[in-house]
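The values are calculated or read from the model by the stated rules, or taken from the named source; none is laboratory data. In this text, all values refer to a predicted model and were calculated from it rather than measured experimentally. For neighbour counting, all protein chains shown are included, and Cβ atoms are generated from backbone atoms with ideal geometry for every residue, glycine included. The area values use the complete protein model at the heavy-atom level, side chains included, leaving out ligands, DNA and RNA. Shrake-Rupley method; radii C 1.70, N 1.55, O 1.52, S 1.80 Å.
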Amino acid sequence: MKTGIMIKTKNIIFAVDDDPFVLKFFKALFEEEYQVHIFTNGQEAYNHLDHLLPDIILSDIMMPLMNGFQFGKLLKNDERTKDIPLIYLSALDTATNISKCFDMGAVDYIMKPIDYNVVRARVNLHLSLSNLQKELSENNLLLQQERDKLEQRVEEKTATLREKDIQLIEMDRLVSTYTLAAGIAHEINTPLGIVKSGLFALKKGFQTLINAIQYWETIELPELIQTNYKTFSDNSQLDAHLRTIPGRFNRIERGIQRISNIVLQFQSFGRFETGSIASLDINQSIEETLSILFKTNSKNISINKSFSKLPTVECLSNDINQCLLQLLRNAKDAITDKGTITISTSYDESHEHILISIEDTGKGMSKETLRQAFHPFFTTKDIGEGTGLGLTITEKAVKSHGGSIKIDSEIEKGTNVMIRLPVHSGLAKTPDSKDIDTRGGGGVLWKGIDPRKLSMYYIGNRS
Ligand SMILES: Nc1ncnc2c1ncn2[C@@H]1O[C@H](COP(=O)(O)OP(=O)(O)O)[C@@H](O)[C@H]1O
Ligand SMILES: [Mg+2]
């Protein structure tokens, strides 16, 4: 609604007539109450509209240069003047003439000779109608603006709710996937253990058998037996089998090792690790990870290190080492044959945060890949090359330590992964005896530890 002081200025009347007597009459009649402007024809009045817009127009019909109807047509076709009330004055009182006046968009018609009271009453009436109309339009406009604002707020609120819904669905999906992954890992682990120990025994047994055969072959035997044995050995390609058996065992072992690695990733993805909390020297961890990862450097990758002096980080060391391994492996994988990996560490003393940046000059990620990079099982790597869990595990571990991870990447240029890790993550160290509170019926509680947090680290530990 409008506020403030309204300064009431006089309403403006344009009176248009070729009869100077009529114009004089209007001037005398309205001058006290209104600002009256007089014109002798339509053209003159129309030209004046560039300087001043009236609140009401009184116009004669029969005039030289531009008659009242031509003038009216111009007024109604002009955006500035189409809503200004127009009253025609004429001595032509035929029905056709009067109806033409209204067809032209006039609000009224006054017959000449002009009656003082009639013209005054009609001008006042149309002015107040027009003012009411204007007020209505302004209020409508305000109303429309308020409605627009309200609609926008509803839209914003709906969008936020939708976003929250999506997050909830996503979280639900993640929790199901975590549970499924941990479940699968657990189910695979038991038979995998049987296969591993079975293979170990089998390998040992086969070696004994091979030894026995080789021993048998060194012994002098009667010729008939030797001939029969040779025929049997040739027919069954015994030599070839004996030669290939060790290689086959090795391949089976590598396959089993790969399954073990995947199961391990499933487990750390599906639950919080039960590993111990320790003080970790991040620079040293990076060095160790690099030495494992670049034991063989078949690609031409140079490593730049820019390490700052860092305080140790209190963390689940297995988890954080796993993150470093995943990120450095991704950087290595991203470089096709030649490139650089730059690893920097620094300390943000004011927040007590450690910053780790791993930058590679590899193939980078498209926007679409970057969008999905943290999703579980998302991989662009060939079958057998990637599980799509590296970044998921990393994000989960970093966040559980109260840290954050951010990736900048540009296709064909490279990728920069930045991690922020609090020095004191709020996780507790393996308890010393003085930290153990044995009160409460034999249960062991760690002093100063939020039991809800503690249980979080052990969720899903089903073994
Ligand atoms: N440094 C990187 N450069 C380019 N792409 C990367 C990088 N790190 C991750 N990605 C992309 O993100 C995907 C998911 O990574 P990750 O979760 O570690 O799974 P994986 O390495 O098993 O594919 C990768 O397949 C790859 O497309
Ligand atoms: Mg990876």
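Show the residue pairs meeting these rules: Cβ distance below 6 Å; 6+ apart or different chains; first residue within region 191-219 and closer than 21 Å to LYS230 by Cα; second residue small (Gly, Ala, Ser).
Sorted first by the residue in region 191-219, then by its partner, the list stays empty.
Quick check on my filter: what residues within region 328-346 are within 20 Å of THR394 (Cα to Cα), of a type outside the set (S, T, N, Q) and open to solvent by 10 Å² or more (accessible area, probe 1.4 Å)?
Scanning region 328-346 gives ARG329, LYS332, ASP333, ALA334.
Starting from region 407-420, keep only residues that are assigned by TED's automatic domain parsing to the domain that holds ASN283, then list their pairs with residues that are within 15 Å of ligand 2 (Cβ to nearest atom) and among the acidic types (Asp, Glu) whose Cβ atoms are within a distance under 6 Å, requiring at least 6 positions of separation or different chains.
GLY414/ASP360; THR415/ASP360
For the list (1) on the phi > 0 side of the Ramachandran plot; (2) within 13 Å of ligand 2 (Cβ to nearest atom), I need the number of the one condition that GLY402 fails.
(2)
How many residues does region 225-249 contain that are under 60 Å from the mean Cα position of the chain (by Cα), over 20 Å from ILE194 (Cβ atoms) and open to solvent by 70 Å² or more (accessible area, probe 1.4 Å)?
Adding up the residues that qualify gives 2.
Look through ALA45, ALA15, ALA28 and report the one residue that is over 30 Å from LEU142 (Cβ atoms), of a type in the set (Gly, Ala, Ser) and modelled with pLDDT under 95.
Answer to the selection: ALA28.
Would you confirm, using the coordinates I've provided, whether THR340 is away from ligand 2 (no atom under 16 Å from the Cβ) and over 21 Å from LEU264 (Cα atoms)?
yes
What is the number of the single condition among (1) more than 27 Å from ASP337 (Cβ to Cβ); (2) within 6 Å of ligand 1 (Cβ to nearest atom) that THR387 does not meet?
(1)
Filtering region 396-425 down to residues that are in contact with a His (Cβ under 8 Å, 6 or more places away or on another chain) and of a type in the set (A, V, I, L, M), which residue is surrounded by the fewest Cβ atoms within 10 Å (Cβ to Cβ)?
Taking the candidates together, the pick is VAL423.
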